[in-house]
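Engineer: Starting off with a structure, shown below.
Any read-out appearing in this document is the output of simple, stated calculations on the displayed coordinates, not a laboratory observation. This structure is a prediction, so every number in the text was calculated from the model and none was measured. For neighbour counting, all protein chains shown are included, and Cβ atoms are generated from backbone atoms with ideal geometry for every residue, glycine included.
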Amino acid sequence: MAKILVVADIKNDALKDSTTELLSKAGSIGAETAVVAIGSNIEALIPGLVNAGSDTQYVADDPALAIFSAGPYASCVADAAKQFEADQIWFSFSESGKAAAPRVAVQLEAACATEITDVAISGEHVEVIRPAIANKVMQRVRINAGQMVAVVRAGAFEAAEGITGTENVVTLSPPAVDVKAVVKELISDASGEIDLADADIVISVGRGVKDQTGVDLVKELAHDLKAGFGSSRAMVDGGFMAHNKQVGQTGKIVAPSLYMAIGISGAIQHLAGMNGSKVILAVNKDPEAPIFNVADYGIVGDLFEVVPILRAEIKKIRI
Amino acid sequence: MKILTTVKKVVDVELTIRVQAGAIVEDGLQYVINAWDENAVEAAVQLKENNNAETTLVSIGGGDNTDMIRKCYAMGIEKGIHVEDPALEKADSPVFARVLQKVFEKGDYDLVITGKQAQDTDSGQTGIMLAEYLGLPCVSNVIDIQVLDDQHIKVSRLGDAGTEIIELELPAVVTVTDSINEPRLPQMRGIMMAKKKPIDVMDLSALGISIDDADGAAPTSEIVEFMASKTREAGQKFEGDAAQITAQVVSLLVDEANVL
């Protein structure tokens, strides 16, 4: 039986759904599963780690792990992988995962596959499916090493119903601090906002909203819908939206149930970050905008006119 | 400060990519510098201009990389190394990282700057693996580099919880994202001077590495086949009276798509 170690995706002291999704997939291919959780004061998350469907929980809980640092984080994962004798180590799609996975792979002399959307065991080999060239093609990749470290693309796997785990907590020793890469400060993202990666609905603004007035107009719609509020590159470069709001290959890759692109023309790098969404609605005044090629519903019109109507219509059904 | 920048020649992602019988159709493809590597080159050139850094680029594989390397010279890079070898055809990220390790060890560099990923594979592993092989500190997804002194730099990284400010002891490896800068367009004078600059071309044996298990540089993965991406079809597009079509779309989102 294959042994799969899932790295718990923890943000703002909460366990994210992706952890359950990865454990569900690991369970569905008949693997023995473990999870490794890394952070500070995370004891309260242990029941959640069990319920997410893991048979063993490796926990590295130390004040020094409060702020992400790739070196110590990777050491914890490698430690858990060795103790569990994992065949595969799966990270959720996150900047932490992308930074740590190649390190863990080198430390374990394992293969590394990023942005995978599926995994299968074919004969003696593990094979993964992953997009490449800005999502324009898919690759089937054969792993020729005994172990594989993978980063799973957002939205690739679904959480199973009614999964249960077994509590078996193993405490990991705190790793050495990386003295050559010292995190001096964390400028935290605005708190209280809905995380783009978790949001069921994401609404993003592009060049078409022009300025702060346009941004604020669409932000009200996002607020009404409790939606994640994202951006194309143009509005980030223009200083209207924060870097961490950028949806696209540079930035966040999202796959919500509903993605609304407001005033976004649809550059390839942006599309690669959102074309896994279930349903896409685009509002743009240019009927030839490339965004309409991927949108399930397209409204050709002036967003300054359309967005207030959109708000009013949605309010009618959402009271 | 001596800087090594990596540049990869990749397929132009703006063009249509076709897949046939498990392979990418070569016909009609064009090749360009990896966009994130162009940001790495710009970052290196800015450190040359502002902090008297020496700049060298290295490119691995890609066939004739003369035009791409000359472009980087025209942007301000001083020296170029091109590692080319038939054995590189099956190279994956660990192999690229092992080759870069050899280049690094021959050059006494203080800082390696790479793009955060290459547009042909979108893997984002090579720079981080290089640091791990060399035992050097590494920060990925960097949006700012400041020189503190001969031995230290301060970088900003876009992380999951916000922007991380990290002090790095040199030598170090950073991978940059496109928010770090806007790559300059080469000027005529630079283009003319670039034509005269030599490119140091070498094969793997000259570097003292072979692609096999003995050097720990064998590929750990192989692409079995390429497949066409599942493309989204254009859906329904509405034009006309804003109030009417918007109301119509909202009711479709509710009744047809079931997402509101």
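Engineer: What is the distance in Å between the Cα centres of segment B:139-188 and segment B:192-233?
Structural biologist: 25 Å
Engineer: How long are the semi-axes of the equivalent ellipsoid of segment B:11-123, taking √(5λ) for every eigenvalue λ of the Cα gyration tensor, in whole Å from largest down?
Structural biologist: Here the semi-axes work out to 27, 17, 12 Å.
Engineer: Taking the Cβ of each residue in A:Arg311, B:Arg189, A:Arg233 as the centre, tally the other Cβ atoms inside 10 Å and list the residues starting with the fewest. Could you put the intermediate results ahead of the total?
Structural biologist: On the way: A:Arg311 18, B:Arg189 9, A:Arg233 24.
Ordered from fewest to most neighbouring Cβ atoms within 10 Å, A:Arg311, B:Arg189, A:Arg233 come out as B:Arg189, A:Arg311, A:Arg233.
Engineer: Turning to a different aspect of this structure: For segment B:168-260, I need the span (max minus min coordinate) of the C-alpha atoms along each principal axis, in Å, sorted largest to smallest.
Structural biologist: Sorted from largest, the Cα extents of segment B:168-260 read 69, 46, 34 Å.
Engineer: At 1.306 mPa s and 10 °C, plugging the Kirkwood radius over alpha-carbon pairs of segment A:159-249 into Stokes-Einstein gives what diffusion coefficient in µm²/s?
Structural biologist: Numbers: Rh = 16.5 Å.
The diffusion coefficient I find is 96 µm²/s.
Engineer: In what sequence do B:Met68, A:Met138 fall when counting other Cβ within 10 Å, fewest first?
Structural biologist: Details: B:Met68 24, A:Met138 20.
Lowest count first: A:Met138, B:Met68.
Engineer: Another question, then. Roughly how compact is the protein assembly as shown, stated as its Cα Rg over 2.2 N^0.38 Å to two decimals?
Structural biologist: Numbers: Rg = 23.8 Å, N = 579, 2.2 N^0.38 = 24.7 Å.
Working it through for the protein assembly as shown, the quotient is 0.96.
Engineer: Right, another one. Which of the pairs B:Lys79/B:Lys154; A:Lys11/A:Lys82; A:Lys82/B:Lys230 have their Cα atoms more than 32 Å apart in this structure? All intermediate terms of the calculation are to be shown ahead of the outcome.
Structural biologist: Numbers: B:Lys79/B:Lys154 25 Å; A:Lys11/A:Lys82 25 Å; A:Lys82/B:Lys230 37 Å.
From the list (B:Lys79/B:Lys154; A:Lys11/A:Lys82; A:Lys82/B:Lys230), the Cα-Cα distance tops 32 Å for A:Lys82/B:Lys230.
Engineer: Could I ask something else about it? Can you grab the distance from the C-alpha centre of segment A:1-33 to the C-alpha centre of segment A:40-77, Å, no decimals?
Structural biologist: 13 Å
Engineer: Let me ask something additional. So how do B:56-62, B:141-147 stack up, highest first, on mean other-Cβ count within 10 Å?
Structural biologist: Values: B:56-62: 22.3, B:141-147: 19.1.
Descending packing order for the listed peptides: B:56-62, B:141-147.
Engineer: Straight-line reach only, C-alpha to C-alpha below 17 angstrom: list the aspartates and glutamates that B:Lys197 could link to, leaving out same-chain residues fewer than 8 apart.
Structural biologist: Once the sequence-local aspartates and glutamates are set aside, what remains near B:Lys197 is B:Glu54, B:Asp64, B:Asp67, B:Glu78.
Engineer: Check cross-link reach from A:Lys316 to the lysines: straight Cα distance under 20 Å, and skip same-chain residues fewer than eight apart.
Structural biologist: Leaving aside lysines fewer than 8 places away in the same chain, those within reach of A:Lys316 are A:Lys219, A:Lys226.
Engineer: Considering every residue in A:139-146, what mean count of other chain Cβ atoms within 10 Å of its Cβ is obtained? Write down the numbers at each step before the final one.
Structural biologist: Values: counts 10, 7, 8, 5, 3, 6, 5, 1.
Partner Cβ neighbours, averaged per residue: 6.
Engineer: Considering every residue in B:172-180, what mean count of other chain Cβ atoms within 10 Å of its Cβ is obtained?
Structural biologist: Details: counts 2, 0, 0, 2, 0, 5, 8, 7, 0.
Average per residue, whole number: 3.
Engineer: What number in nm² do you get for segment A:3-171 if you take the convex hull of its Cα atoms and divide its surface by four? Mind showing how you got there, number by number?
Structural biologist: Details: hull surface 36.6 nm².
Answer in nm², one decimal: 9.1.
Engineer: Go ahead and estimate [θ] at 222 nm for the protein assembly as shown from helices alone: -39,500 (n - 2.57) per DSSP H run with n ≥ 4, summed, over the residue count, rounded to 500. Mind showing how you got there, number by number?
Structural biologist: Numbers: 15 runs with 163 residues, N = 579.
When only DSSP H runs of four or more count, the value is -8500 deg cm²/dmol.
Engineer: Let me spell out the model: positive unit charges on the Cβ of Lys and Arg, negative unit charges on the Cβ of Asp and Glu, origin at the Cα centre of segment B:2-215. What dipole size does that give, in debye rounded to 20? Before the final figure, lay out each step's value.
Structural biologist: Numbers: 20 positive and 36 negative charges, 145 e Å.
The calculated dipole for segment B:2-215 is roughly 700 debye.
Engineer: Here is a follow-up. Can you give the percent of C-alpha pairs in segment A:172-215 whose distance is more than 16 Å? Don't skip to the end; give the middle numbers.
Structural biologist: Working: 659 of 946 pairs.
That fraction is 70 percent.
Engineer: When DSSP assigns beta bridges and you keep just the ones with both residues in the protein assembly as shown, what percent turn out antiparallel, to the nearest 5?
Structural biologist: 40 percent
Engineer: Computed from the mean reciprocal separation of all distinct C-alpha pairs, what Kirkwood hydrodynamic radius does chain A have, in Å?
Structural biologist: Numbers: mean 1/r = 0.0482 Å⁻¹.
Computed over chain A, the radius equals 20.8 Å.
Engineer: While we're looking at this one, here's another question. What's the center-to-center distance, using Cα atoms, between segment A:80-95 and segment B:77-116 in Å?
Structural biologist: Cα centroid to Cα centroid, the span is 28 Å.
Engineer: Something else about it: For chain B, give me the percentage of DSSP beta bridges that are antiparallel, rounded to the nearest 5 percent. Don't jump to the answer; show the numbers that get you there.
Structural biologist: Working: 18 of 42 bridges.
Here the antiparallel bridges make up roughly 45 percent for chain B.
Engineer: Rg(Cα) of segment A:201-317 divided by 2.2 N^0.38 Å? Write out the running numbers ahead of the final one.
Structural biologist: Details: Rg = 12.5 Å, N = 117, 2.2 N^0.38 = 13.4 Å.
Here the Cα radius of gyration is 0.93 times the empirical estimate.
Engineer: Further, regarding this structure: Let me understand chain B better: what is its radius of gyration from the alpha carbons, and its Dmax, in angstrom?
Structural biologist: When restricted to the Cα atoms of chain B, Rg and Dmax are 21.8, 70 Å.
Engineer: On to the next question. May I ask you to sort A:Val279, A:Val169 by Cβ crowding, counting other Cβ atoms within 10 Å and putting the fewest first?
Structural biologist: Numbers: A:Val279 21, A:Val169 13.
Fewest-to-most Cβ neighbours within 10 Å comes out as A:Val169, A:Val279.
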